[in-house]
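Accompanying notes for the structure given below.
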Amino acid sequence: MIGLTGDDLHIDALITLRCATIALPVAAADRQRVLAVSVLVRERVLAQLDGRRGDSLSPDSQRVLGVVPQAAQWADRFTSNLRPRPAAFRRQAAPHAVSCAVEGAAQALIPDPDAMLRRMLAESIHICAAWTGKAASGVGVDDTAWAEACQLTIAADGR
């Protein structure tokens, strides 16, 4: 979003975590593993940034990982010795995780995937606004523009 950028790694981690926790319960099983890894790694990044223990999870992360216990167990084993590096997280892991979350939500077998994608966007905007200290008023998702963009995407995809 224009004017809502910042250098604080919290922004990247919180947006990534938010998108992953939104998509994880509805994503296909193969994506659930990737998203569960994303949740655990983002929590570790945030713990590093905040000076907390690396194994502490937010209540939202605990809840969403509890919905997909097999993916959560696999991700826990996969990430057990992983120590995220901030530069690699920002450059590679965060964009990949958000992309996976968006694709997982878009391809989910749910009645209205567009609503979930819109939620990811709106909550990401609010995270940016909060961490940059800029008011979220006047900044948000324009419902008309969103509907038009969805229609253009559907037309381009030939659906």
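Compute the Cα gyration tensor for region 1-143, then decide on rounded, prolate or oblate, letting a ≥ b ≥ c be the square roots of its eigenvalues: rounded whenever a/c is under 1.5, prolate when a/b is larger than b/c in the other cases, and oblate in all that remain.
Numbers: a/c = 1.96, a/b = 1.14, b/c = 1.73.
Judged from the Cα gyration tensor, region 1-143 comes out oblate (a/c at least 1.5, b/c at or above a/b).
In debye, nearest 20, what is the charge dipole magnitude of region 8-95 about its Cα centre with +1 on Lys and Arg Cβ and -1 on Asp and Glu Cβ, if you could check?
Once rounded to the nearest 20, the dipole reads 200 debye.
Can you pull out the trypsin sites (Lys or Arg not before Pro) in region 9-118 whose DSSP state is coil and whose Cβ has at most 11 other Cβ atoms within 10 Å?
Within region 9-118, the qualifying trypsin sites (Lys or Arg not before Pro) (loop, at most 11 other Cβ atoms within 10 Å) are ARG53.
Only the coordinates and a few stated rules stand behind these numbers; no lab work does. Fair warning: this is a prediction, and the values are worked out from it, not measured in the lab. Neighbour counts run over all protein chains shown; Cβ positions are idealised from the backbone, glycine included.
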